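A short write-up of the structure that comes next.
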Amino acid sequence: MVVENWVPMDGDTFVTSDGFIMNTFGYEHPGAQLFAFLKYIPAKYKDMFNVEMLERTWMYKQTELFRAEKLYTAKNYQTFIEAFRKNFPDYLFYDENRGKEIIAAPLNRIEEVFIPRNRLVWLQNLSVRDELQNKALDLVELISNESGVATSDLGLHGSLALNMHAPHSDIDLVVYGTDNFRHVEAAIERLVNSAKLSYIVGNRLDAARKFQGRYFGKIYMYNATRQFEEVVVKFGQYRYTPLMSVRFQALVDSDRETMYRPATYKISGYKPLDVASELSAEKVPTQVVSNIGCYRNIAKQGMEIKVSGRLEKVESTLNGQVFYQVVVGSATSEEEYIWPVSI
(Lines give C-alpha, C1' and ligand atoms only; values in the text may rest on other atoms or scores of the structure.)
Protein backbone atom coordinates (compact mmCIF):
# COMPACT_ATOMS: atom_id res chain seq x y z
CA MET A 1 0.00 0.00 0.00
CA VAL A 2 1.20 3.52 -0.80
CA VAL A 3 1.40 5.40 2.51
CA GLU A 4 0.77 8.75 0.77
CA ASN A 5 -2.80 7.65 -0.08
CA TRP A 6 -3.58 6.45 3.41
CA VAL A 7 -6.08 8.23 5.70
CA PRO A 8 -5.20 6.81 9.16
CA MET A 9 -8.09 5.46 11.21
CA ASP A 10 -8.08 4.00 14.69
CA GLY A 11 -6.86 0.41 14.69
CA ASP A 12 -4.97 0.51 11.41
CA THR A 13 -1.72 -1.41 11.78
CA PHE A 14 1.61 -0.33 10.33
CA VAL A 15 5.23 -1.46 10.22
CA THR A 16 8.02 1.09 10.55
CA SER A 17 11.47 1.05 8.99
CA ASP A 18 12.83 0.16 12.45
CA GLY A 19 10.68 -2.98 12.52
CA PHE A 20 8.16 -1.84 15.11
CA ILE A 21 4.57 -2.94 14.50
CA MET A 22 2.16 -0.36 15.86
CA ASN A 23 -1.57 0.36 15.86
CA THR A 24 -2.99 3.76 15.09
CA PHE A 25 -4.68 5.33 18.11
CA GLY A 26 -7.72 7.50 17.58
CA TYR A 27 -8.47 9.84 14.69
CA GLU A 28 -6.63 13.10 15.48
CA HIS A 29 -2.96 13.29 14.51
CA PRO A 30 -0.29 15.98 14.10
CA GLY A 31 0.85 16.52 10.53
CA ALA A 32 4.14 14.61 10.39
CA GLN A 33 3.44 12.01 13.07
CA LEU A 34 0.79 9.51 13.99
CA PHE A 35 -0.45 8.79 17.52
CA ALA A 36 -0.08 5.06 18.04
CA PHE A 37 0.62 2.35 20.56
CA LEU A 38 3.38 -0.19 20.30
CA LYS A 39 2.14 -3.73 19.65
CA TYR A 40 5.15 -5.82 18.58
CA ILE A 41 8.84 -5.24 19.33
CA PRO A 42 11.65 -6.72 17.22
CA ALA A 43 13.80 -9.17 19.19
CA LYS A 44 16.91 -7.04 18.70
CA TYR A 45 15.23 -4.20 20.65
CA LYS A 46 13.67 -6.34 23.38
CA ASP A 47 16.14 -5.34 26.11
CA MET A 48 15.50 -1.65 25.46
CA PHE A 49 11.91 -2.04 26.69
CA ASN A 50 11.98 -2.97 30.36
CA VAL A 51 8.52 -4.58 30.61
CA GLU A 52 7.29 -8.13 31.12
CA MET A 53 7.00 -9.85 27.74
CA LEU A 54 4.75 -12.71 26.71
CA GLU A 55 6.59 -16.00 26.36
CA ARG A 56 5.15 -16.52 22.91
CA THR A 57 6.89 -14.86 19.97
CA TRP A 58 5.68 -13.94 16.49
CA MET A 59 7.42 -13.91 13.11
CA TYR A 60 6.82 -11.11 10.64
CA LYS A 61 8.65 -12.00 7.45
CA GLN A 62 12.13 -12.81 8.83
CA THR A 63 11.85 -10.78 12.04
CA GLU A 64 11.15 -12.35 15.43
CA LEU A 65 8.78 -10.21 17.49
CA PHE A 66 7.93 -9.88 21.17
CA ARG A 67 4.85 -8.34 22.78
CA ALA A 68 4.39 -6.81 26.20
CA GLU A 69 2.33 -8.93 28.57
CA LYS A 70 0.23 -5.86 29.40
CA LEU A 71 -0.09 -3.29 26.64
CA TYR A 72 -2.22 -0.62 28.26
CA THR A 73 -1.00 0.04 31.79
CA ALA A 74 0.14 3.51 32.83
CA LYS A 75 3.47 2.08 34.00
CA ASN A 76 4.17 0.30 30.72
CA TYR A 77 3.22 3.37 28.69
CA GLN A 78 5.68 5.49 30.64
CA THR A 79 8.32 2.76 30.23
CA PHE A 80 7.74 2.77 26.47
CA ILE A 81 8.11 6.56 26.41
CA GLU A 82 11.43 6.34 28.29
CA ALA A 83 12.69 3.66 25.92
CA PHE A 84 11.75 5.69 22.86
CA ARG A 85 13.24 8.84 24.36
CA LYS A 86 16.57 7.10 24.92
CA ASN A 87 16.76 5.10 21.69
CA PHE A 88 14.23 6.44 19.15
CA PRO A 89 13.34 10.01 20.17
CA ASP A 90 11.61 10.75 16.86
CA TYR A 91 8.82 8.37 17.97
CA LEU A 92 7.72 10.93 20.56
CA PHE A 93 5.63 14.05 20.10
CA TYR A 94 5.08 16.81 22.63
CA ASP A 95 1.42 17.75 22.27
CA GLU A 96 1.05 21.36 23.36
CA ASN A 97 -2.73 20.98 23.39
CA ARG A 98 -2.43 18.30 26.08
CA GLY A 99 0.77 19.47 27.73
CA LYS A 100 2.46 16.09 27.57
CA GLU A 101 4.63 13.79 25.51
CA ILE A 102 2.86 11.07 23.52
CA ILE A 103 4.09 8.10 21.48
CA ALA A 104 3.70 9.06 17.82
CA ALA A 105 5.32 7.33 14.85
CA PRO A 106 6.94 9.54 12.19
CA LEU A 107 5.06 9.19 8.92
CA ASN A 108 8.33 9.05 7.00
CA ARG A 109 9.30 5.89 8.92
CA ILE A 110 6.12 3.96 8.05
CA GLU A 111 6.81 1.35 5.38
CA GLU A 112 3.73 -0.88 5.31
CA VAL A 113 0.11 -0.30 6.29
CA PHE A 114 -2.56 -2.90 7.05
CA ILE A 115 -6.11 -1.51 6.93
CA PRO A 116 -8.64 -3.99 8.37
CA ARG A 117 -11.25 -3.67 5.62
CA ASN A 118 -8.55 -4.09 2.96
CA ARG A 119 -7.09 -7.11 4.75
CA LEU A 120 -10.47 -8.80 4.67
CA VAL A 121 -10.58 -8.30 0.90
CA TRP A 122 -7.05 -9.72 0.71
CA LEU A 123 -8.15 -12.82 2.61
CA GLN A 124 -11.26 -13.22 0.46
CA ASN A 125 -9.08 -13.17 -2.64
CA LEU A 126 -6.42 -15.52 -1.28
CA SER A 127 -6.28 -18.62 -3.45
CA VAL A 128 -4.97 -21.01 -0.79
CA ARG A 129 -6.12 -20.59 2.81
CA ASP A 130 -5.48 -22.47 6.04
CA GLU A 131 -8.13 -23.64 8.52
CA LEU A 132 -8.15 -20.47 10.63
CA GLN A 133 -8.39 -18.22 7.58
CA ASN A 134 -11.36 -20.24 6.30
CA LYS A 135 -13.02 -20.08 9.72
CA ALA A 136 -12.57 -16.31 9.75
CA LEU A 137 -14.27 -15.95 6.36
CA ASP A 138 -17.09 -18.28 7.40
CA LEU A 139 -17.64 -16.19 10.53
CA VAL A 140 -17.64 -12.95 8.53
CA GLU A 141 -20.23 -14.39 6.15
CA LEU A 142 -22.39 -15.60 9.04
CA ILE A 143 -22.32 -12.21 10.78
CA SER A 144 -22.90 -10.29 7.55
CA ASN A 145 -25.91 -12.41 6.60
CA GLU A 146 -27.45 -12.21 10.08
CA SER A 147 -26.84 -8.47 10.58
CA GLY A 148 -27.42 -7.16 7.08
CA VAL A 149 -24.07 -5.36 7.27
CA ALA A 150 -22.11 -5.68 4.03
CA THR A 151 -18.73 -7.39 4.21
CA SER A 152 -17.27 -4.15 2.80
CA ASP A 153 -18.10 -2.59 6.20
CA LEU A 154 -16.27 -5.35 8.08
CA GLY A 155 -12.53 -5.86 8.49
CA LEU A 156 -9.81 -8.17 9.71
CA HIS A 157 -7.36 -7.18 12.43
CA GLY A 158 -4.64 -8.79 14.53
CA SER A 159 -2.14 -11.47 13.55
CA LEU A 160 -4.46 -12.90 10.90
CA ALA A 161 -4.42 -9.57 9.08
CA LEU A 162 -0.63 -9.52 9.13
CA ASN A 163 -0.45 -13.15 7.97
CA MET A 164 1.67 -14.08 10.99
CA HIS A 165 -0.97 -16.09 12.85
CA ALA A 166 -0.70 -19.53 14.39
CA PRO A 167 -3.44 -22.21 14.42
CA HIS A 168 -4.50 -21.07 17.92
CA SER A 169 -4.66 -17.34 17.06
CA ASP A 170 -7.85 -15.35 17.58
CA ILE A 171 -10.18 -14.08 14.86
CA ASP A 172 -10.09 -10.31 15.40
CA LEU A 173 -12.81 -8.47 13.48
CA VAL A 174 -13.59 -4.80 12.90
CA VAL A 175 -17.00 -3.24 12.25
CA TYR A 176 -17.03 0.15 10.51
CA GLY A 177 -19.66 2.65 11.63
CA THR A 178 -21.95 3.26 14.59
CA ASP A 179 -25.16 1.83 13.17
CA ASN A 180 -23.33 -1.12 11.62
CA PHE A 181 -21.77 -1.95 14.97
CA ARG A 182 -25.16 -1.98 16.70
CA HIS A 183 -26.57 -4.22 13.96
CA VAL A 184 -23.65 -6.64 14.37
CA GLU A 185 -23.97 -6.55 18.15
CA ALA A 186 -27.65 -7.50 17.93
CA ALA A 187 -26.94 -10.15 15.30
CA ILE A 188 -24.28 -11.80 17.44
CA GLU A 189 -26.71 -11.92 20.37
CA ARG A 190 -29.23 -13.71 18.14
CA LEU A 191 -26.54 -16.12 16.93
CA VAL A 192 -25.58 -16.87 20.52
CA ASN A 193 -29.21 -17.47 21.44
CA SER A 194 -29.49 -19.92 18.53
CA ALA A 195 -26.24 -21.67 19.62
CA LYS A 196 -24.34 -20.78 16.43
CA LEU A 197 -21.92 -18.69 18.49
CA SER A 198 -21.13 -18.44 22.18
CA TYR A 199 -19.87 -15.67 24.44
CA ILE A 200 -16.68 -15.86 26.48
CA VAL A 201 -17.22 -14.24 29.88
CA GLY A 202 -14.06 -14.20 31.96
CA ASN A 203 -14.92 -11.20 34.12
CA ARG A 204 -17.58 -8.54 34.60
CA LEU A 205 -16.22 -6.37 31.79
CA ASP A 206 -16.61 -9.29 29.39
CA ALA A 207 -20.15 -9.75 30.68
CA ALA A 208 -20.90 -6.10 29.95
CA ARG A 209 -19.21 -5.84 26.54
CA LYS A 210 -19.99 -9.29 25.09
CA PHE A 211 -17.35 -8.59 22.48
CA GLN A 212 -15.69 -12.00 22.36
CA GLY A 213 -16.78 -15.57 22.03
CA ARG A 214 -16.21 -18.88 20.27
CA TYR A 215 -17.04 -20.07 16.78
CA PHE A 216 -16.42 -23.78 16.23
CA GLY A 217 -13.78 -23.71 18.95
CA LYS A 218 -12.03 -20.58 17.66
CA ILE A 219 -11.97 -17.42 19.75
CA TYR A 220 -13.34 -14.36 18.00
CA MET A 221 -13.64 -10.72 19.05
CA TYR A 222 -15.01 -7.63 17.38
CA ASN A 223 -14.58 -3.89 17.87
CA ALA A 224 -15.60 -0.71 16.09
CA THR A 225 -13.88 1.87 13.89
CA ARG A 226 -15.52 5.04 12.67
CA GLN A 227 -16.47 5.51 9.04
CA PHE A 228 -14.59 8.35 7.35
CA GLU A 229 -17.65 10.61 7.51
CA GLU A 230 -17.99 10.00 11.26
CA VAL A 231 -14.64 11.65 12.01
CA VAL A 232 -15.55 15.24 12.85
CA VAL A 233 -12.80 16.45 15.22
CA LYS A 234 -9.39 17.46 13.91
CA PHE A 235 -6.08 17.66 15.73
CA GLY A 236 -5.62 21.01 17.47
CA GLN A 237 -9.35 21.76 17.65
CA TYR A 238 -9.34 21.49 21.45
CA ARG A 239 -6.94 22.30 24.28
CA TYR A 240 -6.95 19.96 27.28
CA THR A 241 -5.90 20.98 30.78
CA PRO A 242 -5.69 18.21 33.43
CA LEU A 243 -7.05 19.32 36.80
CA MET A 244 -7.47 16.54 39.37
CA SER A 245 -8.37 12.91 39.94
CA VAL A 246 -12.04 12.23 40.65
CA ARG A 247 -14.24 9.27 41.61
CA PHE A 248 -17.95 9.51 40.96
CA GLN A 249 -21.16 7.87 39.81
CA ALA A 250 -23.25 9.15 36.90
CA LEU A 251 -26.01 8.27 34.44
CA VAL A 252 -25.15 7.43 30.81
CA ASP A 253 -27.18 9.84 28.67
CA SER A 254 -25.88 8.58 25.31
CA ASP A 255 -24.03 5.45 24.21
CA ARG A 256 -23.73 6.62 20.59
CA GLU A 257 -19.91 6.73 20.69
CA THR A 258 -19.06 4.27 23.42
CA MET A 259 -17.84 1.52 21.05
CA TYR A 260 -14.95 3.52 19.66
CA ARG A 261 -11.46 4.26 20.90
CA PRO A 262 -11.38 6.70 22.51
CA ALA A 263 -14.82 5.73 23.85
CA THR A 264 -17.11 8.63 24.78
CA TYR A 265 -19.92 8.35 27.33
CA LYS A 266 -22.21 11.37 27.58
CA ILE A 267 -23.26 11.65 31.23
CA SER A 268 -25.44 13.55 33.69
CA GLY A 269 -26.19 13.37 37.40
CA TYR A 270 -22.60 13.61 38.66
CA LYS A 271 -22.38 12.18 42.21
CA PRO A 272 -18.94 12.37 43.88
CA LEU A 273 -17.85 9.21 45.70
CA ASP A 274 -15.49 11.03 48.06
CA VAL A 275 -14.92 14.53 49.41
CA ALA A 276 -11.95 15.11 47.12
CA SER A 277 -14.22 14.62 44.08
CA GLU A 278 -16.73 17.34 44.98
CA LEU A 279 -16.85 19.96 42.23
CA SER A 280 -18.29 23.41 41.68
CA ALA A 281 -21.20 23.48 39.24
CA GLU A 282 -19.18 24.84 36.31
CA LYS A 283 -16.62 22.01 36.53
CA VAL A 284 -19.07 19.11 36.53
CA PRO A 285 -18.12 16.86 33.57
CA THR A 286 -20.54 16.22 30.73
CA GLN A 287 -18.69 13.21 29.34
CA VAL A 288 -16.27 10.42 30.19
CA VAL A 289 -13.62 9.52 27.61
CA SER A 290 -11.76 6.21 27.84
CA ASN A 291 -8.42 5.69 26.12
CA ILE A 292 -8.38 2.12 27.47
CA GLY A 293 -9.94 -0.32 25.03
CA CYS A 294 -11.45 -2.68 27.61
CA TYR A 295 -13.85 0.06 28.75
CA ARG A 296 -15.48 0.38 25.33
CA ASN A 297 -19.20 -0.38 25.08
CA ILE A 298 -19.65 -1.52 28.68
CA ALA A 299 -22.73 0.59 29.51
CA LYS A 300 -25.85 1.48 27.57
CA GLN A 301 -27.97 4.61 27.70
CA GLY A 302 -29.88 4.83 30.99
CA MET A 303 -27.34 2.81 32.98
CA GLU A 304 -25.40 4.06 35.98
CA ILE A 305 -21.61 3.88 35.92
CA LYS A 306 -18.88 4.35 38.50
CA VAL A 307 -15.82 6.16 37.21
CA SER A 308 -12.31 6.91 38.41
CA GLY A 309 -10.30 9.19 36.16
CA ARG A 310 -8.70 12.55 35.50
CA LEU A 311 -10.86 15.66 35.28
CA GLU A 312 -9.92 17.87 32.34
CA LYS A 313 -10.90 21.33 31.20
CA VAL A 314 -11.54 21.25 27.44
CA GLU A 315 -11.42 24.51 25.50
CA SER A 316 -12.22 24.93 21.83
CA THR A 317 -9.41 26.65 19.92
CA LEU A 318 -12.01 27.76 17.36
CA ASN A 319 -14.50 29.66 19.52
CA GLY A 320 -13.25 29.44 23.13
CA GLN A 321 -16.17 27.31 24.32
CA VAL A 322 -15.32 25.38 27.49
CA PHE A 323 -16.60 22.12 28.94
CA TYR A 324 -15.25 19.49 31.33
CA GLN A 325 -14.64 15.79 30.85
CA VAL A 326 -13.09 12.90 32.74
CA VAL A 327 -10.39 10.82 31.05
CA VAL A 328 -9.92 7.16 31.87
CA GLY A 329 -6.49 6.06 30.70
CA SER A 330 -4.55 9.28 31.28
CA ALA A 331 -1.35 7.19 31.72
CA THR A 332 -0.87 8.77 35.16
CA SER A 333 -2.54 6.13 37.36
CA GLU A 334 -3.45 2.44 37.36
CA GLU A 335 -6.60 3.23 39.35
CA GLU A 336 -8.69 4.60 36.49
CA TYR A 337 -11.80 2.71 35.39
CA ILE A 338 -15.42 2.65 34.29
CA TRP A 339 -17.71 0.10 35.97
CA PRO A 340 -21.38 -0.45 35.16
CA VAL A 341 -23.15 -0.30 38.52
CA SER A 342 -25.44 -3.22 37.66
CA ILE A 343 -22.62 -5.63 36.68
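The values are calculated or read from the model by the stated rules, or taken from the named source; none is laboratory data. Please read these numbers as outputs of a predicted model, since none were measured by experiment. As a convention, Cβ positions derive from the backbone with ideal geometry for all residues, glycine included, and neighbour counts pool all protein chains shown. When the accessible area is computed, the model is the full protein with side chains, heavy atoms only, and any ligands, DNA or RNA have been set aside. Shrake-Rupley method; radii C 1.70, N 1.55, O 1.52, S 1.80 Å.
Remarks
- In segment 79-152, the chymotrypsin sites (Phe, Trp or Tyr not before Pro) that fall in loop regions by DSSP, at most 12 other Cβ within 10 Å: none
- Trypsin sites (Lys or Arg not before Pro) within segment 98-191, DSSP loop, no more than 14 other Cβ atoms inside 10 Å: Arg129
- Percentage relative contact order, the chain, counting C-alpha pairs under 8 Å, at least six apart: 14 percent
- Using every pair of distinct Cα positions in segment 129-225, the Kirkwood expression returns a hydrodynamic radius of 13.4 angstrom.
- Fluctuation leader among Leu126, Leu34, Leu107 - the chain, Gaussian network, Cα springs under 10 angstrom: Leu126
- Full extension of the chain segment joining Gln321 with Lys61 gains 88.7 nm, where the gain is 0.36 nm per residue of separation less the Cα-Cα distance.
- Extension gain, Ser342 back to Val231 (0.36 nm per residue minus Cα-Cα distance, nm): 36.8 nm
- Accessible surface of segment 102-147 [probe 1.4 Å, protein heavy atoms]: carbon and sulfur percent: 42 percent
- Note: relative contact order over segment 15-61, using C-alpha pairs below 8 Å and six or more positions apart, is 31 percent.
- Residue with peak Gaussian network fluctuation, the chain [Cα springs, cutoff 10 Å], from Ala161, Ala195, Ala36: Ala195
- Computed over segment 233-343, the percent of Cα pairs more than 18 Å apart is 45.
- With eigenvalues of the C-alpha gyration tensor scaled by 5 and rooted, segment 38-112, Å: 22, 16, 10
- Whole-percent pair-distance distribution, where bins are 10 Å wide, for the alpha carbons of segment 1-155: 10, 34, 33, 18, 5, 0
- Label selected from (1) 134, 51, 41; (2) 63, 51, 38; (3) 70, 50, 37, the criterion being Cα extents along the principal axes in Å as computed here: (2)
- GluC sites (Glu not before Pro) within segment 76-134: DSSP coil, no more than 12 neighbouring Cβ in 10 Å: Glu96
- Mean-position separation - Cα centroids, segment 85-147 and segment 185-206, in angstrom: 25 Å
- Between the beta carbons of Glu52 and Ala74, assuming R0 = 25 Å, the FRET efficiency works out to 0.95 to the nearest 0.05.
- Theoretical gain in end-to-end length, Val128 to Asp253 [0.36 nm per residue, Cα-Cα removed]: 40.2 nm
- Here the label points at Asp179 and Lys86, each 7 Å from Cα along the C-beta direction, are separated by 5.2 nm in the simple model.
- Accessible surface of segment 210-343 [probe 1.4 Å, protein heavy atoms]: carbon and sulfur percent: 52 percent
- Mean ellipticity per residue at 222 nm, deg cm²/dmol - from DSSP H runs of n ≥ 4 across the chain, formula -39500 (n - 2.57): -6000 deg cm²/dmol
- Taking the chain as a Gaussian network of alpha-carbon nodes connected by springs under 10 Å, the highest mean-square fluctuation of the residues Val192, Val246, Val128 belongs to Val128.
- In the full protein context, segment 217-268 carries 44 Å² of accessible surface per residue, based on a 1.4 Å probe and ignoring ligands, DNA and RNA.
- Partners for Lys86 among aspartates and glutamates (Cα-Cα distance below 16 Å; same-chain residues under 8 apart left out): Asp18, Asp47, Glu101
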